[in-house]
Amino acid sequence: MPSPSCPCGSDKSYALCCQPLHQQKQHATEPEQLMRSRYCAFVKGEFNYLIATHHAEHLQGLTAAELAQSPEVNWLGLEVMASTKDLSNNAAKVSFKAWYLDKGQLDAIFENSEFIFEQGQWFYSQGQQFTTKPPERNSPCICHSGKKFKHCCMKLVR
Ligand SMILES: [Zn+2]
Ligand SMILES: [Zn+2]
């Protein structure tokens, strides 16, 4: 049986993709990789990793325990829309949509996240959130199954 692909949407298995980052055996070398691993940490409940990769000056008192108390949703998939790096300022931006079902309702976190490179490591600093429309019925499904949305995750929406 082939191992299921990593929740971040890569074609690698979790063990070869986000898990070594979550276990802090490796650091994300690219801001987009960090963003994907942070999405995956939400899926896997790796809240300590979310705190460790959130820049300390931007945490505003947020703790892993607090994250663990956030309502559980059914994460469906991640779409990275754009990713830019400005190495002269040690800064990067990644915009993405993280799709989820909350009590049968489809929604997404649509965010333009900012990242800071410091002491050889990327950190999430802050993000600006937007609202988004549901995917088109005939577009490729948000969960990267290769099926059309209407034949896949749309069936989960109540
Ligand atoms: Zn991954
Ligand atoms: Zn799907």
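The values are calculated or read from the model by the stated rules, or taken from the named source; none is laboratory data. The structure displayed is predicted, hence computed values, not measured ones. Positions of Cβ are backbone-derived with ideal geometry, glycine not excepted, and every protein chain shown enters the neighbour counts. These accessible areas exclude ligands, DNA and RNA; they are computed on the full protein's heavy atoms, side chains included. Shrake-Rupley method; radii C 1.70, N 1.55, O 1.52, S 1.80 Å.
Worth pointing out:
- In the stretch 110-134, of all residues being out of contact with any strand residue (DSSP E or B) (no Cβ under 8 Å at 6 or more places or on another chain) and not small (G, A, S), the one that is nearest to I51 (Cα to Cα) corresponds to Q121.
- Residue in the stretch 30-40 that is farther than 18 Å from A92 by Cα, away from ligand 2 (no atom under 16 Å from the Cβ), within 11 Å of the chain's Cα centre (by Cα) and surrounded by 12 or more Cβ atoms within 10 Å (Cβ to Cβ) present: yes
- Listed by first and then second residue, the pairs linking a residue in the stretch 146-158 that is at positive phi to a residue that is more than 16 Å from ligand 1 (Cβ to nearest atom) and open to solvent by less than 90 Å² (accessible area, probe 1.4 Å), with Cβ atoms under 9 Å apart and 6 or more places separating them unless they lie on different chains, are G146/C152.
- Residue that is farthest from C6 (Cα to Cα) [pool: residues in the stretch 31-72 that are in a helix (DSSP H, G or I) and β-branched (V, I, T)]: I51
- For the stretch 113-146, taking the residues that are within 12 Å of ligand 2 (Cβ to nearest atom) and under 20 Å from S83 (Cα atoms), the one that is modelled with the lowest pLDDT is identified as H144.
- Checking P20, P4 one by one, the residue that is of a type outside the set (K, R) and open to solvent by less than 80 Å² (accessible area, probe 1.4 Å) is P20 and no other.
- Out of K93, K133, sole residue that is of a type in the set (K, R) and not in a strand (DSSP E or B): K133
- Looking only at residues of the stretch 56-94 that are within 20 Å of F149 (Cβ to Cβ) and either open to solvent by less than 70 Å² (accessible area, probe 1.4 Å) or within 16 Å of ligand 1 (Cβ to nearest atom) (or both), we find that the one that is farthest from the chain's Cα centre (by Cα) is V73.
- Residues within the stretch 9-27 that are over 15 Å from G77 (Cβ atoms), in contact (Cβ under 8 Å) with a residue 24 or more places away in the chain and within 10 Å of ligand 1 (Cβ to nearest atom), tallied: 2
- Contact annotation: residue pairs with Cβ atoms under 6 Å, 6 or more positions apart or on different chains, pairing a residue in the stretch 46-73 that is farther than 22 Å from P20 by Cα with a partner that is open to solvent by 60 Å² or more (accessible area, probe 1.4 Å) and modelled with pLDDT of 95 or more, are H58/Q126.
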